Amino acid sequence: MAGTPGPGPISPRLQRIAEQAKAMPQVALTTLAHHLDHDLLLEAYRRTRKDGAVGVDGQTAEAYVENLKENLRGLLERAKSGTYRAPPVRRVHIPKAGRSEPRPIGIPTFEDKVLQRAVAMVLGAVYEQDFRDCSYGFRPGRSAHQALQVLWKGLMDLGGGFVLELDLERFFDTLDHERLREILRQRVRDGVLLRLIGKWLRAGVLEEGSLVHPDTGTPQGGVISPLLANVFLDAVLDGWFEDVVKPRLRGRAFLVRYADDAVVVFELEEDARRVLGVLPKRLAKYGLRLHPEKTRLVAFRRPPRGGGGPRPGTFDFLGFTHYWGRARRGFPAVLRKTARDRFTRSLRAVAQWCRRHRHLPVSEQHAGLQQKLRGHYAYFGITGNHEALDRFYSQTRRVWRKWLSRRSNRVRVTWERFHRLLERYPLPLPRVVHTVYRLAASP
């Protein structure tokens with residue numbers, strides 16, 4: 001689009017917001033909406049995914065861009081004047097590993113995504129100055145692998161410990177709106193932004209033709225929902241643990257949180273049990289509760305030399321099972337492997353893809369499987385997980401051969417024929433993408 005401003009003017013503006021927030025950490029900021037202008041909306045549009053599912057109005061990104069300048073001008077006027085009406089989100093359900101019920105996902109309209117993105121950019125510049133180092137989910141410059149690395153290093157430094165797995169039951173469905181508003185007003189008192197957030201919380205959910213307006217929750221899938229979740233949990237969990245709990249513990253402890261998934265590692269069992277005893281009351285104050293079956297305390301001490309004693313437990317975090325094993329040099333080390341439910345879910349997705357696309361030419365199937373395997377290695381390719389990667393590679397080949405054999409009732413793809421096909425269309429071999437040694441050496 002000729003003549004449109006690039007992202008250059010945007011970053012300095014957000015930087016000024018960040019500097020203002022950092023200089024006044026205890027002050028509620030009242031003048032933020034003036035940063036919400038055409039240039040910011042244009043940058044928010046650029047950052048918004050264009051191939052996502054459509055919302056309740058059925059409008060696509062391609063249709064919106066046909067009159068982009070006027071659309072953004074009208075959106076800005078409605079947002080600033082208070083006449084913007086947040087449309088309800090369209091709810092769909094997707095399977096979730098390890099659970100019988102699927103996960104509900106809310107899909108906003110494309111225009112709503114753009115406005116949510118712009119507001120999230122402004123608020124993110126503020127709250128990034130406040131968020132604790134223990135949180136990693138949906139934050140710029142942070143990732144799940146960084147969270148895993150911090151957890152691994154902390155466990156190695158402590159020699160294990162007692163790991164408290166936290167599972168917040170239906171967090172995104174039970175987030176208390178009034179409590180969230182109270183937390184937001186402690187840092188942001190700009191009427192325009194708070195009014196927009198209130199409209200999004202009250203917008204309602206459209207599912208199978210029925211519109212409901214829940215009193216709690218923020219839809220998973222909403223652009224601004226991850227930021228609101230981080231703001232809420234920073235106040236409810238992160239800040240409370242760092243400022244109130246840790247000074248009262250006898251031993252060392254640390255928290256690692258990625259969105260609503262969290263683990264707390266304690267050096268002493270008595271500290272872990274004390275925190276586990278008061279944590280439900282703390283969460284209940286804000287309308288949250290721990291999942292009674294998935295929240296558990298795991299004895300994860302380093303195995304003694306020479307064996308003997310109780311065997312350390314295992315725990316899952318961010319798709320990996322953590323357990324004590326032996327490093328290549330023979331000393332005890334915390335190892336990670338793909339969690340069983342994530343392995344099963346990933347392989348099932350590959351099998352379903354092969355079944356649905358078995359009619360395609362082999363070259364196109366090969367290109368799709370290459371992409372899926374590389375994506376799997378990009379996340380699960382960490383130090384110590386090569387055996388699970390090998391199994392996934394092997395099972396993927398078996399699945400592909402199975403559905404190639406079902407392309408015709410007359411011709412079956414034998415292993416000999418399949419190996420010849422792999423020579424022409426080789427699948428990417430397993431590889432470690434994230435090594436703890438390289439990460440540990442990074443400054």
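The values are calculated or read from the model by the stated rules, or taken from the named source; none is laboratory data. Note that the structure is predicted; figures quoted are calculated from it, not measured. We place every Cβ from the backbone using ideal geometry, glycine too, and count neighbours over all the protein chains shown. Heads up: the accessible areas ignore ligands, DNA and RNA and are worked out on the full protein's heavy atoms, side chains in. Shrake-Rupley method; radii C 1.70, N 1.55, O 1.52, S 1.80 Å.
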* So, by mean Cβ neighbours within 10 angstrom, what's the order for 281-291, 110-120 with the highest one leading? -> 110-120, 281-291
* **Packing-based ranking, highest mean first, of 411-417, 369-375 given that Cβ atoms within 10 Å are counted** => 369-375, 411-417
* Asked: Restricting attention to segment 35-79, which GluC sites (Glu not before Pro) occupy a DSSP loop and are surrounded by at most 14 other Cβ atoms within 10 Å?
  -> E66
* Asked: Which whole-number value in Å² is the accessible area per residue of the chain, probe 1.4 Å?
  -> 51 Å²
* Figure the gain on full extension for R328 and Q395 (residue separation times 0.36 nm, minus the Cα-Cα span) and round it to one decimal in nm. => 21.5 nm
* Asked: Over the alpha carbons of segment 126-213, what is the largest minus smallest coordinate on each principal axis, giving the biggest first in Å?
  -> 51, 35, 22
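Rounded to the nearest 20 Debye, what is the dipole magnitude of the chain about its Cα centre when Lys and Arg each give +1 and Asp and Glu each give -1 at the C-beta?
On the way: 77 positive and 46 negative charges, 441 e Å.
Charge dipole of the chain: 2120 debye, to the nearest 20.
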* Structure fact -> Taking the square root of 5λ for each eigenvalue of the C-alpha gyration tensor of segment 168-225, the equivalent ellipsoid has semi-axes, largest first and in whole angstrom, of 21, 14, 9
* Compute the relative contact order of the chain as a whole-number percentage, counting only Cα pairs closer than 8 Å that sit 6 or more residues apart in sequence. => 15 percent
* Report the charge-dipole magnitude of segment 297-401 in Debye, nearest 20, computed about the Cα centre from +1 at each Lys and Arg Cβ and -1 at each Asp and Glu Cβ. => 200 debye
* Structure fact -> Shape call for segment 72-169, from the Cα gyration tensor axes a ≥ b ≥ c (a/c under 1.5 means rounded, otherwise prolate when a/b beats b/c, else oblate), comes out oblate
* Total Lys pairs in segment 56-188 closer than 28 Å by alpha-carbon, pairs eight or more apart in sequence or interchain only? -> 4
* **Estimated FRET transfer efficiency (Q371, R248; beta-carbon r; R0 45 Å; 0.05)** => 0.35
* **Formal net charge of residues neighbouring R250 (Cβ-Cβ distance under 15 Å; K, R +1; D, E -1)** => +1
* **Contact order relative to length of segment 148-217, as percent, for alpha carbon pairs under 8 angstrom and 6 or more apart** => 35 percent
* Looking at the P(r) of the chain, how many percent of alpha-carbon pairs lie beyond 30 Å? -> 54 percent
* Asked: Can you give me the relative contact order of segment 230-308 as a percent, contacts being Cα pairs under 8 Å and 6 or more apart?
  -> 20 percent
* To do: Please report, in Å, the Rg and the Dmax of segment 301-443, where both are computed over Cα atoms only.
  => 18.8, 60
* **For segment 308-364: rounded, prolate or oblate by the Cα gyration tensor [a/c cutoff 1.5]** => prolate
* **Share of alpha-carbon pairs per 5 Å distance bin for segment 239-387, given as whole %** => 2, 7, 12, 16, 14, 13, 11, 9, 6, 4, 3, 1, 0
* Name the residue farthest towards the positive end of the dipole of the chain from the options F320, V212, Q149, assuming +1 on Cβ of Lys and Arg, -1 on Cβ of Asp and Glu, about the Cα centre. => F320
* **By average C-beta atoms within 10 angstrom, highest first, the peptides 220-226, 394-400, 357-363, 130-136** => 220-226, 130-136, 394-400, 357-363
* Structure fact -> Plugging the Cβ-Cβ distance of T344 and R16 into 1/(1 + (r/R0)^6) at R0 = 30 Å yields, to the nearest 0.05, a FRET efficiency of 0.05
* Structure fact -> Between H38 and Q146, Cβ-based FRET efficiency (R0 35 Å, step 0.05) works out to 0.50
* Asked: D316's amide H: which non-local residues (gap 5+, or another chain) put their own amide H closer than 5 Å, with H modeled 1.01 Å from N in plane and none for Pro or chain starts?
  -> H322
* Indicate the gyration tensor shape class of segment 370-436 (rounded, prolate or oblate), computed on the Cα atoms with a ≥ b ≥ c the square roots of the eigenvalues: a/c under 1.5 is rounded; otherwise a/b larger than b/c is prolate and the rest oblate. => prolate
* To do: Subtract the Cα-Cα distance of V54 and R406 from 0.36 nm times their separation in residues, and report this length gain in nm to one decimal.
  => 123.3 nm
* To do: Take every Cα-Cα pair in segment 140-299 and report what % of them are more than 24 Å apart.
  => 41 percent
* To do: Between the alpha-carbon centers of segment 139-175 and segment 336-358, tell me the distance in whole angstrom.
  => 24 Å
